[in-house]
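Can you keep this structure in mind? I'll have questions shortly.
The values are calculated or read from the model by the stated rules, or taken from the named source; none is laboratory data. Remember, it's a predicted structure, so these values are computed and weren't measured experimentally. Backbone-built Cβ (ideal geometry, glycine too); neighbour counts: all protein chains shown. All accessible areas refer to the heavy atoms of the entire protein, side chains included, with ligands and DNA or RNA removed. Shrake-Rupley method; radii C 1.70, N 1.55, O 1.52, S 1.80 Å.
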2 protein chains.
Amino acid sequence: MKFTMAEENYIKAVYHLQHGQEVVSTNALSAELQTKPASVTDMLKKLKAKKIISYEPYRGVKLSAEGRKVALGIVRKHRLWEYFLVDKLQFGWDEVHEVAEELEHISSNKLIDKLDEFLGHPKFDPHGDPIPDSKGKIIAQPQEQLSGALLHTPVQITAVGSQSTELLELLKHKGLQMGTRLEVKKVFDFDGSLELRIKNQQVVTVSRELASVLFVKSL
Amino acid sequence: MKFTMAEENYIKAVYHLQHGQEVVSTNALSAELQTKPASVTDMLKKLKAKKIISYEPYRGVKLSAEGRKVALGIVRKHRLWEYFLVDKLQFGWDEVHEVAEELEHISSNKLIDKLDEFLGHPKFDPHGDPIPDSKGKIIAQPQEQLSGALLHTPVQITAVGSQSTELLELLKHKGLQMGTRLEVKKVFDFDGSLELRIKNQQVVTVSRELASVLFVKSL
DNA sequence: ATAAAAATTTAGGTTTGTCTAAAAATAAAT
DNA sequence: ATTTATTTTTAGACAAACCTAAATTTTTAT
């Protein structure tokens with residue numbers, strides 16, 4: 001089955017918002033896609049007719065098995081293109097998201113499989129998110145939040161929870177990126193902020209909000 | 001100024017059809033774009049309002065200076081992507097056109113300039129067509145038609161006049177491709193067909209129609 | 001120079017994806 | 001358990017890009 005760009009964007013949005021949630025609300029989609037709730041309702045009807053989602057009025061929406069497959073295909077394209085942009089074209093990891101939003105809609109499967117091969121079948125994109133393989137298989141990462149890390153224990157940043165330019169700008173400013181090694185020096189209970197030491201050098205403070213979207217693994 | 005995909009396709013079509021011609025007709029665009037003449041008229045009005053073309057009802061259309069710049073930008077993208085597909089992803093030169101038709105609409109200028117650099121600033125695409133540089137400068141190739149080549153004079157294929165799958169399929173079948181060396185052995189006045197010897201080996205016959213869309217340079 | 005043919009434009013519709021405003025359903029609060 | 005607030009859906013419109021059918025202009029042929 002073929003999909004328009006708009007349909008693909010809705011499918012991808014449902015996929016992302018479904019993480020953890022049982023169903024996704026109309027308003028959540030409206031916010032994610034920057035459209036009005038009424039427009040979301042229209043599209044949900046259309047996707048339901050195509051059996052991509054299951055949806056009952058007022059009851060929220062979730063992807064069907066077929067829909068999940070489609071979503072994983074789009075996510076695969078998005079992340080492979082991001083890897084390409086950073087690894088081959090020397091883009092900064094914080095400036096690839098928007099371009100990949102366009103590239104992910106190029107339809108050729110042959111293209112994406114050849115790209116995958118050219119890149120050496122990478123397993124993670126530049127933000128640390130796993131790349132689904134050509135069959136839609138995706139490595140489930142045991143995402144450990146920085147906010148839950150032990151004190152004085154060296155960890156490494158493996159993923160960030162969003163690709164908003166605002167977040168990426170903040171990380172850049174603080175000198176944090178994928179693979180950065182650090183340890184938590186202090187936790188302030190008042191506001192949940194953390195004091196980190198990066199590579200045994202600079203000390204930076206991160207807010208509770210920031211710490212909750214940074215994922216790490218112990219070293 | 002920004003353009004929709006449909007607008008870009010019209011601009012590119014006018015550019016291609018304008019080659020040699022003073023103005024381009026509505027019907028020519030309709031045929032090229034596989035749409036009805038009435039649809040073409042609608043779009044011409046729109047592009048005229050945007051000052052991309054000059055157009056008077058019933059009088060045909062041509063690109064404005066601005067329109068030419070836009071067209072060259074699209075052509076540049078198309079040909080760089082084709083080069084990428086063949087050179088990096090190992091696509092056959094006859095299977096890249098359709099994918100490039102999609103990729104040429106990706107908007108990021110940074111992307112295309114980085115891609116250009118990554119590819120080593122190629123001057124010609126896999127079909128032998130020149131690639132405009134980032135300023136819109138394009139090498140005018142002195143396109144010598146095979147149908148006008150001298151007998152028994154070694155020449156090399158430098159370009160093909162169209163990217164239709166039909167043409168590319170035929171070339172593949174005959175064992176002809178970019179860079180193929182050959183010489184014309186005989187010209188049949190009856191139907192304008194040519195007998196060629198490829199690399200001093202096989203002998204193939206090509207029709208007048210085919211010979212007129214193959215471009216060569218003397219060796 | 002007219003009549004016939006071809007090309008082009010106009011007029012009026014359709015589909016996709018969006019919107020606003022109003023109605024209906026669900027959830028929250030007193 | 002009502003009332004109030006929030007969420008969601010319906011109804012009706014709009015722009016983009018296409019279509020068909022009919023009218024108009026230009027070109028070609030007699």
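Please identify the pairs in which a residue from the range A:15-30 that is within 8 Å of DNA strand D (Cβ to nearest atom) has its Cβ atom under 8 Å from the Cβ atom of a residue that is open to solvent by 80 Å² or more (accessible area, probe 1.4 Å) and not aliphatic (A, V, I, L, M), counting only partners at least 6 apart or on another chain.
From residues that are within 8 Å of DNA strand D (Cβ to nearest atom), the pairs are A:SER30/A:LYS36.
I've got another one for you. Does the range A:92-112 contain at least one residue that is under 19 Å from A:GLN156 (Cβ atoms) and more than 10 Å from chain B (Cβ to nearest Cβ)? Outline the logic, then answer.
Initial filter on the range A:92-112 (under 19 Å from A:GLN156 (Cβ atoms)): A:93-94.
Okay, now just the ones that are also more than 10 Å from chain B (Cβ to nearest Cβ), so A:93-94.
Yes.
Name the one entry in B:GLU183, B:GLU169, B:GLU195 that is open to solvent by 40 Å² or more (accessible area, probe 1.4 Å) and either touching a residue at least 12 places away in the same chain (Cβ under 8 Å) or part of a helix (DSSP H, G or I) (or both). Don't jump to the end; show me each part of the working.
Values: B:GLU183 fails: open to solvent by 40 Å² or more (accessible area, probe 1.4 Å); B:GLU195 fails: either touching a residue at least 12 places away in the same chain (Cβ under 8 Å) or part of a helix (DSSP H, G or I) (or both).
The match here is B:GLU169.
How many residues does the range A:69-122 contain that are in contact (Cβ under 8 Å) with a residue 60 or more places away in the chain, open to solvent by less than 10 Å² (accessible area, probe 1.4 Å) and closer than 15 Å to B:SER108 by Cα?
1
If you don't mind, there's one more thing I want to ask. Mind telling me which of the residues B:PHE118, B:PHE84 ends up being away from DNA strand C (no atom under 13 Å from the Cβ), farther than 29 Å from B:LEU170 by Cβ, outside the structural domain of B:LYS174 (by TED's automatic domain parsing) and at pLDDT 95 or above?
B:PHE118
May I ask you to list the residues in the range A:131-149 that are surrounded by fewer than 18 Cβ atoms within 10 Å (Cβ to Cβ) and either within 14 Å of another protein chain (Cβ to nearest Cβ) or touching a strand residue (DSSP E or B) at 6+ places or on another chain (Cβ under 7 Å) (or both)? Break it down into steps so the answer makes sense when it comes.
Taking the range A:131-149 first, the residues surrounded by fewer than 18 Cβ atoms within 10 Å (Cβ to Cβ) are A:133-145, A:148.
Scanning the range A:131-149 gives A:ILE138, A:ILE139, A:GLN141, A:GLN143, A:GLU144, A:GLN145.
Return the total of residues in the range B:59-70 being more than 12 Å from B:LEU17 (Cα to Cα) and either more than 16 Å from DNA strand D (Cβ to nearest atom) or of a type in the set (Gly, Ala, Ser) (or both).
Residues meeting the conditions: 6.
Quick check: is even one residue across the range A:49-63 more than 12 Å from DNA strand C (Cβ to nearest atom), hydrophobic (A, V, I, L, M, F, W, C), loosely packed, with under 14 Cβ neighbours inside 10 Å and modelled with pLDDT of 95 or more?
Checked against the condition, which is being more than 12 Å from DNA strand C (Cβ to nearest atom), hydrophobic (A, V, I, L, M, F, W, C), loosely packed, with under 14 Cβ neighbours inside 10 Å and modelled with pLDDT of 95 or more, the range A:49-63 yields no hits at all.
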